[in-house]
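Only one structure is covered here, and it is reproduced in the block below.
The values are calculated or read from the model by the stated rules, or taken from the named source; none is laboratory data. Bear in mind that the values here come from a model prediction, so they are computed numbers and not experimental data. We place every Cβ from the backbone using ideal geometry, glycine too, and count neighbours over all the protein chains shown. We work out accessible area using only protein heavy atoms, side chains counted, and drop any ligands, DNA or RNA first. Shrake-Rupley method; radii C 1.70, N 1.55, O 1.52, S 1.80 Å.
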Amino acid sequence: MSTPRHLRWGGIGRWLPGLVISSMAIALLIRLANWQEVGEALAAIDLIWLLPALFFYLVGLNFRTLSWMTLLQKKANYGRVFLTLNQGYLLNNIFPFRLGELGRMVLLAQATGISAFFVLSTIVIERAYDLAIAAGLLLATIPFALELESAQSIARIVFGLVGVGLLALFMLARYRSWVKARLESVTVDKIILREKVFPRLMAMLDGLAVLAQPSLFLSSVSYMLCNWLFGVIEIHILLNSAGIQAPYWWSGFVLGVVSLGIALPSAPAGIGVYEVAMVGALSLLGVPASPALAVAIVAHLIHIGITGAIGAYALFRDGETLPGLYQRLRGAR
């Protein structure tokens, strides 16, 4: 039986925003970049720097695995969590709609027997960590990029606010029963809120239960901060490989911009959007577009290559096929 036309076009319509944004980003790169100079900048990259960049990326990946494993309360072993994490990245690099996150949920639940909802709640928390840290990095380094005299004071305030935000997340998890009772009393006579909004808020609060233990919360946050620290070091190394002498805060600024940039809808793997975000960030710091684009291309290839190779091995080992997995994830979505 053929798929109804309106459903086929509905599926295409969901692809379009990401494809349009990526296409615009690629068109902007084509227009702004001198590709001969980009080629020369790529050829000039000192390959000896790539090994430490690869090393620090893998170390960061290790800490992200530990953070997720902690959120999972160690119900899955390190090897399984590491492979599933990379499977998710591979799926994000191939499929639209960031299906890799749902892929992690489905694959880990299938391999371990852990509740799929529990797995999904840990992924949501992990993404909340990422958003808080990325925003903190960006807001803390913008004053330096704008050369404000009070840059250091502003940076301290921003990092303090990020800490307060993470603490608020912990308190919300710790006292979720009280919050649920207050929400229930507020929505008791509001039918739409009670039927549509309230169940989703309750599900989100239940998912935060994993953070109710202080040791679990502090460990998972610490591991995630280490992941971001090694991400900053990796970017710093890649900038130096292209002959760009930069203070470390440049790398923090670039990583913050890129991380928030690729949160936008885009083609799979963030093609175009990743590069535009990094070129834009480095351009604000006075770096010409050609070497900036060369660094962006190398960084993006490292991330796609490493997670793709590990993720492909893991899918093969688990006996999964991409077409079959895609159909299952569409249903889960």
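Here are the numbers for this structure:
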| quantity | calculated |
| --- | --- |
| Estimated FRET transfer efficiency (Ser215, Ala111; beta-carbon r; R0 45 Å; 0.05) | 0.95 |
| Within the accessible area of the range 67-129 (1.4 Å probe), percent carbon and sulfur | 64 |
| Charge context of Gly311, other residues only, Cβ under 13 angstrom, K/R +1, D/E -1 | 0 |
| Area accessible to solvent at Trp35, 1.4 Å probe radius, in Å² | 120 |
| Accessible solvent surface per residue of the range 93-153, calculated while the other protein chains remain in place, 1.4 angstrom probe, Å² | 43 |
| Where Thr112, Thr65, Thr321 fall by accessible area, highest first, once all protein chains stay in place (1.4 Å) | Thr321, Thr112, Thr65 |
| The range 30-123: relative contact order in percent, alpha carbon pairs under 8 Å with at least 6 residues between | 19 |
| Nitroxide proxy distance, nm - points 7 Å out along Cα→Cβ at Ala44 and Arg317 | 4.2 |
| Stretch gain in nm, segment Met24-Arg156, where the contour uses 0.36 nm per residue and the Cα spacing is subtracted | 43.9 nm |
| Chymotrypsin sites (Phe, Trp or Tyr not before Pro) lying in DSSP loop within the range 54-153, provided at most 16 other Cβ fall within 10 Å | Phe97 |
| Nitroxide proxy distance, nm - points 7 Å out along Cα→Cβ at Arg31 and Leu54 | 3.8 |
